[in-house]
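Worksheet for the structure shown next.
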Amino acid sequence: VRPIGLDRIREHHVFETFDELIKEMKQNDIPERAVLLKRMKTELLSNVSTWKLLSNQSSQYGVTKTNQHQTEIQDLKDELNELEEKKKLLIKQRNKLNNEYDQMMIKSRNDINDMITQNQKEIQKYEQI
């Protein structure tokens, strides 16, 4: 698999071919075409160097963003774990308080029932008198 754009060998052959064409044009007494080809070669060299620069920068940007996203993902996973632990703790506290409430309600009902029976006994005592 070759990278996007020209690889080094093809690049070398393309520019070598340009050099040969320029030499041929100079030798065949067509200097205007040789000058144009030389300008084209210079423009191509500029484009290739710009392409390489942009390619390197985009690769670096991609790696940087990937690393940044990896740390963000890890931070979010850590936060999720903390929230799950907090949820478990809150569930335990809720269950404990629900049990305490249930115990208080049972005790309260028992106290009320005891009071009712005691009052009924007192009423029966006074009714006998």
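The values are calculated or read from the model by the stated rules, or taken from the named source; none is laboratory data. The model shown is predicted, which means the values in this text are computed figures rather than measured ones. Glycine gets a Cβ as well: all are built from the backbone with ideal geometry, and neighbour counts include every protein chain shown. Note: accessible area is taken over every heavy atom of the protein model, side chains too, but ligands, DNA and RNA are not part of it. Shrake-Rupley method; radii C 1.70, N 1.55, O 1.52, S 1.80 Å.
Return yes when residue 112 is at pLDDT below 90 and not acidic (Asp, Glu) and no when it is not. Judged against the criteria, residue 112 is not a match. Of 55, 59, 108, 46, all but one fail to be surrounded by 10 or more Cβ atoms within 10 Å (Cβ to Cβ), assigned to a helix (DSSP H, G or I), touching a residue at least 24 places away in the same chain (Cβ under 8 Å) and polar (S, T, N, Q); the exception is 55. Every condition in (1) open to solvent by 90 Å² or more (accessible area, probe 1.4 Å); (2) under 30 Å from residue 18 (Cβ atoms) is met by residue 118 except one, and the failing one is (2).
Conditions tested, residue by residue: (1) over 13 Å from the mean Cα position of the chain (by Cα); (2) closer than 30 Å to residue 15 by Cα; (3) not hydrophobic (A, V, I, L, M, F, W, C).
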position: 32; (1), (2), (3): yes, yes, yes
position: 35; (1), (2), (3): yes, yes, no
position: 53; (1), (2), (3): yes, yes, no
position: 57; (1), (2), (3): yes, yes, yes
position: 70; (1), (2), (3): no, no, yes
